[in-house]
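Data first, discussion second: the structure below is written as structure tokens.
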Amino acid sequence: RKVLEHQRSFTYSIVSSGSYVGTLFTGSMGSILMDHYSWPVPFYIIGLCGITWMLIMRYMLIVNGRDKLLMVSVNEASFVDTSKVKAE
């Protein structure tokens, strides 16, 4: 989706501040986890959070992509080469 021109500065400031918030959160939570457990635990938990985030985003992008691919207007339908489309 395109970001409107008058919303760009706010949108990009939120996106870029996410890395700083993530660094603060990871540092503080990592220190607490390392205090209570051993040193590899923060790496496992952060890695698990990253993999979970990736799977959620991948699923959301695939679902949104399918919705966009299935919607073809009447004008666009004339450009589709039906000889390359597989019947289900």
- Query: What is the projected area of the convex hull of the Cα atoms of the stretch 1-62, averaged over all directions, in nm²?
  - Reply: 5.2
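Full extension from residue 36 to residue 51: what is 0.36 nm times the residue separation minus their Cα-Cα distance, to one decimal in nm?
Numbers: separation 15, 0.36 × 15 = 5.40 nm, distance 2.34 nm.
Contour length minus the Cα-Cα distance gives 3.1 nm.
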- Point-to-point label distance, residue 23-residue 58, nm (Cα→Cβ direction, 7 Å offset): 2.8
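Read the figures in this text as sums done on the coordinates, not as results from a lab. Keep in mind that this is a model prediction, so the values were computed, not measured. Cβ atoms come from the backbone with ideal geometry, glycine included; neighbour counts cover every protein chain shown.
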